[in-house]
Every structure is written in structure tokens, then in C-alpha cells.
Amino acid sequence: MARPRNQAERRAQLIDATARTVVERGATATKLRDVARAAGVTPASVLYYYADIQELFAAVFDRSAATYFVSREEAIAAADGPVSRLRACIRSGVPWPGEGEESTRLLFELFPVALRNEGAADRQRTFAHRQAELYRQVLDLGQASGDFTLAGDAWALGRSFVALEDGYAMDLLVGDATAQDIEDRLLEHARVVTGNPAFGRGN
């Protein structure tokens, strides 16, 4: 690893090394020495910047979640009208081949940490709630405009979209679905819960 010019750059390099290692080995098998090896530094050098591996996992999750969330916000903001915005919200949550799938795999690899660490669990909950809130805003907008006739409470429906995204993403990661399969299933869910046929197949 080249010598960084400042602490922020070194931290970013360590986060990159941790992310690569987690994707390769899984979070539960990733040790601080593995990160040090991937970064080309000593374990002591890693500990100068991060107290332990859990703090590194938190930094990786925070960066990945923030990047993922901002990309979804931007996709929704660029769309015009409730139908297009809900389509954009759905599409931006699908793990398309390339960066989208890699980001999803990383976030899923970090999930077991949340089962053992309350701080990580809080981050997971906040991440899920923020995504559900994106859906809620779009669904409420469609209800107010008359484009949607919602089948239930907008917040609860938003949570249902996020839960389906997570379940279908796992299908993709284990080879039981494609990204296009996931988008099609979520669009069908949108048709059912909004009462708008624009989300049906072929539309």
C-alpha cells in the first residue's frame, strides 16, 4: 500500500481492504490480520486507526450503506411523477450485475455481525428504515395525486418492499434468481399494492 498523505486517506484504504476481504472470506471469517495483509500494513498499523475489527466493519457498512442510499435518492429524484418514481425506487434497489451486485453482496456478508453486535444491529435497522421511508414518500405521493389506491398503510407497504428486496437479493446471491427476475417480482408487488396497472407485465 502506498503511503497515504493524511489519516483520512489511510482510513479509506483500510476500509477498502476490509471490504475486499469481507467479500472474499465473509465477515465472520475476517480477522484483523487479514485486513492488515490485504492493506499491506502491520496489524499494529490498523489498530492505530481502528480500535478493533468491529469498528472496521462499522466503517465499511456505513460507507456502503451511505453510497447505496444516496444512489437510490438520486434515482428517485430524477424521475417524474409517482409511477416513474416508484419504478425508479424499485430499480435502484435491484442488485444489477457489477457494482450493484457487489454492493449487495458486501452488505449481506456484514449482516451476521448485526446478530452479535448491538451497534451493528442499530445500523442495520436504521438502514432498513431509511429505505422504507423512501418507499413511503413515493407511495404517499401517488396516493395524494390519485395515481395509487394503496392496499394499506404507506409505511407498512414500504417495509414490505424492503423485505422483499432483501429476500429476493438472497435468491440472486445463491443463484436462484436474476436481477431481472427481482425487478419483475417487485413491479408485480407494486401493481398489487398500488392498484395501478402501469406496473403490470408488459407495461
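The values are calculated or read from the model by the stated rules, or taken from the named source; none is laboratory data. Given the structure is predicted, the values throughout are model-derived calculations rather than measurements. No Cβ is skipped: glycine too gets one built from the backbone with ideal geometry, and neighbour counts run over all protein chains shown.
Below are the figures for this structure:
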item: Number of positions in the range 89-105 that are in a helix (DSSP H, G or I) and either surrounded by fewer than 20 Cβ atoms within 10 Å (Cβ to Cβ) or outside the structural domain of Asp166 (by TED's automatic domain parsing) (or both); result: 7
item: Single residue of the range 167-177 satisfying the filter (touching a helix residue (DSSP H, G or I) at 6+ places or on another chain (Cβ under 8 Å) and surrounded by fewer than 16 Cβ atoms within 10 Å (Cβ to Cβ)) that is nearest to Pro112 (Cα to Cα); result: Met170
item: Residues of the range 138-155 satisfying the condition of being in a helix (DSSP H, G or I) and free of Cβ contacts under 8 Å to residues at least 24 places away in the same chain; result: Asp140, Gln143, Ala144, Ala154, Trp155
item: Qualifying residue in the range 70-83 (condition: farther than 25 Å from Thr126 by Cα and assigned to a helix (DSSP H, G or I)); result: yes
item: Complete set of residues in the range 5-55 that are outside any helix (DSSP H, G or I) and surrounded by 14 or more Cβ atoms within 10 Å (Cβ to Cβ); result: Thr30, Val41, Tyr50
item: Residue list for the range 56-70, filter: crowded, with 17+ Cβ neighbours inside 10 Å and of a type in the set (Ser, Thr, Tyr); result: Ser64, Tyr68
item: Unique residue being among the basic types (Lys, Arg) and either in contact (Cβ under 8 Å) with a residue 60 or more places away in the chain or under 17 Å from Glu165 (Cα atoms) (or both) when the list is Arg33, Arg37, Arg116, Arg105; result: Arg105
item: Test: Ala78 is within 17 Å of Val22 (Cα to Cα) and free of Cβ contacts under 8 Å to residues at least 24 places away in the same chain; result: no
item: Candidate set: the range 64-102, residues that are closer than 19 Å to Asp166 by Cα and among the basic types (Lys, Arg); chosen: the one farthest from the chain's Cα centre (by Cα); result: Arg87
item: Residue list for the range 82-116, filter: at pLDDT 95 or above and hydroxyl-bearing (Ser, Thr, Tyr); result: Ser84, Ser92
item: Selection within the range 185-203 - assigned to a helix (DSSP H, G or I), charged (D, E, K, R) and loosely packed, with under 15 Cβ neighbours inside 10 Å; result: Glu188
